[in-house]
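Student: Okay, here's the structure, questions in a sec.
The values are calculated or read from the model by the stated rules, or taken from the named source; none is laboratory data. Everything numeric in this text was worked out from a predicted model, so none of it was measured. Heads up, the Cβs are rebuilt from the backbone with ideal geometry, glycines too, and the neighbour counts pull from every protein chain shown.
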């Protein structure tokens, strides 16, 4: 059996029955395109999130958040026991702690400048923000310790927020209004982009944490804080010490749940990896439905083709073709159609990913594994769809076939 002639014959059959080939191929093209595109989106999202995590969350960093189980800011949280003094205690009582910085948060506030109004989040930080939270100012200056002590009416503003409120004006020195509180702009924040919670960090305002607590929120607690230690290898151990210290300071008895959550880099990376692993399993399932439908369509079309080609099969068997050769011939035809459609699907998936990447802020990453997965899926569909028609063709009796 000449394999080269067999594949050439399969290609001729595709060209002879163009409409039939089209209907056999379209499902695989759609399924493989969706598979490659979704895999590119999943890989790109994971890399973008991990890049943001690594940029803002170093290996020697521990976040402490009020409440149990919350990994990010949430307004109106039920737990209000976390104080600025807790972070002073962490710094003074635990070995290896280099810096601490408390943080408070007020979402969705109308900020006004002359006739312009923009709704954005206000974050309260300490004067150690540049070292603790790894973000400084692009222009102007950040808060000072004196600003924190006096709850000064000052602020630094994100680039996008500054453009929305001030346009081409230099915002430094200008006065904005947050509720009934006037705030003087001291600086413009460094660009940071979208964080792990999906928030635009360039569309926010920072004020001294004491200003936010006393003048804007009238509270005596903070939402969260960050702890910097001297040795990344001790992050998990220090994290456990922080939990114990907080339970002691907040007078929690045995059996009561923690009223803070301690977030280490390993915990964040595990959560992101697990989330993307789940998405990596379920997103391709949508493409799998299209491929399953394609397999059913191909199988039915090939069964019809077998009935139409009964005389041809009879002649082949009459001149000496064996059943396994007939079987292989029809299976090859199905696989050739499926692989050709798979190649087109991979190409369309890559093009779609590149177009979406140029139009969206979500990066798209097409990996060799995604291409191999698309072609492999097409091959599997071709084999599965071709088995039954090929067996039916090879089982035909040559005498009956030639009648």
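Student: Where in segment 136-189 are there strands (runs of 3 or more DSSP E), lying wholly inside it, with at least 1 residues that are crowded, with 20+ Cβ neighbours inside 10 Å? Please lay out each step first, then the result.
Tutor: Numbers: elements: 137-140, 154-157, 175-178, 181-189.
The strands (runs of 3 or more DSSP E) meeting that bar are 154-157, 175-178, 181-189.
Student: Quick check on this structure: which one of 238, 219, 262 is at pLDDT below 95, in contact with a helix residue (DSSP H, G or I) (Cβ under 6 Å, 6 or more places away or on another chain) and outside the structural domain of residue 131 (by TED's automatic domain parsing)?
Tutor: 262
Student: Given (1) under 16 Å from residue 154 (Cα atoms); (2) surrounded by 15 or more Cβ atoms within 10 Å (Cβ to Cβ), identify the lone condition not met by residue 86.
Tutor: (1)
Student: Sticking with this structure for a sec: Looking at (1) at pLDDT 95 or above; (2) surrounded by fewer than 21 Cβ atoms within 10 Å (Cβ to Cβ), find the lone condition where residue 78 falls short.
Tutor: Just one mismatch for residue 78, condition (1).
Student: On the given criteria, is residue 157 touching a residue at least 24 places away in the same chain (Cβ under 8 Å) and within 11 Å of residue 207 (Cβ to Cβ)?
Tutor: Working: touching a residue at least 24 places away in the same chain (Cβ under 8 Å): yes; within 11 Å of residue 207 (Cβ to Cβ): yes.
It is true that residue 157 is touching a residue at least 24 places away in the same chain (Cβ under 8 Å) and within 11 Å of residue 207 (Cβ to Cβ).
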